[in-house]
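*Asks:* This is the structure I want to talk about, given as structure tokens.
Throughout, read-outs are computed from the coordinates displayed, never taken from laboratory work. Computed from a predicted model, the values in this text were never measured in an experiment. Please note: Cβ atoms are built from the backbone with ideal geometry, for glycine as well, and neighbour counts cover all protein chains shown.
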Amino acid sequence: MPDPRLPAFDPLSLPESNATGYPDPYRADNLQRWNRRLGNHAGITNFGVNLTRIVPGGQSSARHGHTRQEEFVWVLEGEVVLETNDGEQLLRPGHCAGFPAGRGEAHRFVNRGNRDVLLLVVGDRTPFDEVYYPALDMHARAGEDGKYVFTRKDGSDF
């Protein structure tokens, strides 16, 4: 049988990127995770679907929460630490986590193990979202186009 063709595809055939919009000095901490943009490849525009690989010592993002966008994460491979406002918990393959918008639940995933972690990450693309980072002097605001502008918490530029 031939390889799948759109709308079907092999997610591992897509390129990985560790690009981040985070400004210095926070950019380097976020370069140990790699995304394959599955939703973009399929032409999906209302929500994002990413296959995220976090190498040992890496994180999915800085701990953050959204005012308007929701996220859902499913652990596919490896063990990963979920950090939230309530502390830490270890997640294994098959475990899931959901983050409803506007609840103030800041979160991130950290790989403290010795092998890669693979996550399926789904999130909506509601415009005018704001992202807060409790442990960093950083704030993000999305425009109508969904692109984030990062500032310090006092609104000043980086």
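*Asks:* How much length, in nm to one decimal, is gained on full extension between R115 and R141, taken as 0.36 nm per residue of separation minus their Cα-Cα distance?
*Replies:* 6.0 nm
*Asks:* Next question. Where does each of L118, L31 land when they are ranked from fewest to most other beta-carbon atoms within 10 angstrom? Walk me through the intermediate numbers first.
*Replies:* Working: L118 18, L31 14.
If I rank by nearby Cβ atoms, fewest first, I get L31, L118.
*Asks:* So, with +1 on the Cβ of K and R and -1 on the Cβ of D and E, and no other charges, what is the size of the charge dipole of region 45-142 about its Cα centre, to the nearest 20 debye?
*Replies:* 160
*Asks:* Along region 142-148, what does the Karplus equation 6.51 cos²θ - 1.76 cosθ + 1.60 (θ = phi - 60°) give for ³J(HN,Hα), rounded to whole Hz, x for Gly and Pro?
*Replies:* Going residue by residue, I get 9, x, 4, 6, x, 7, 8 Hz, with x marking Gly and Pro.
*Asks:* May I ask you to list the chymotrypsin sites (Phe, Trp or Tyr not before Pro) in region 54-155 that are in a DSSP loop and have at most 14 other Cβ atoms within 10 Å of their Cβ?
*Replies:* Counting only loop positions with at most 14 other Cβ atoms within 10 Å, the chymotrypsin sites (Phe, Trp or Tyr not before Pro) in region 54-155 are F128.
*Asks:* Order by neighbour count: S17, S156, S60, fewest other Cβ atoms within 10 Å first, most last.
*Replies:* S156, S17, S60
*Asks:* Tell me the trypsin sites (Lys or Arg not before Pro) within region 108-154 that lie in a loop according to DSSP and have at most 16 other beta-carbon atoms within 10 Å.
*Replies:* On the way: sites: R108, R112, R115, R125, R141, K147, R152, K153; in loops: R112, R115, R125, K147, R152, K153.
Taking region 108-154 and a limit of 16 other Cβ atoms within 10 Å, the loop trypsin sites (Lys or Arg not before Pro) found are R112, R115, R125, K147, R152, K153.
*Asks:* Pick out, in residue order, every one of the trypsin sites (Lys or Arg not before Pro) in region 9-55 that is DSSP loop and has at most 15 other C-beta atoms within 10 Å; say none if there are none. Walk me through the numbers on the way to the answer.
*Replies:* Working: sites: R27, R33, R36, R37, R53; in loops: R27.
Listed in order of number, the matching sites are R27.
*Asks:* Between R103 and D124, what is 0.36 nm times their sequence separation minus the Cα-Cα distance? Round to one decimal in nm.
*Replies:* Details: separation 21, 0.36 × 21 = 7.56 nm, distance 1.54 nm.
Value of the extension gain: 6.0 nm.
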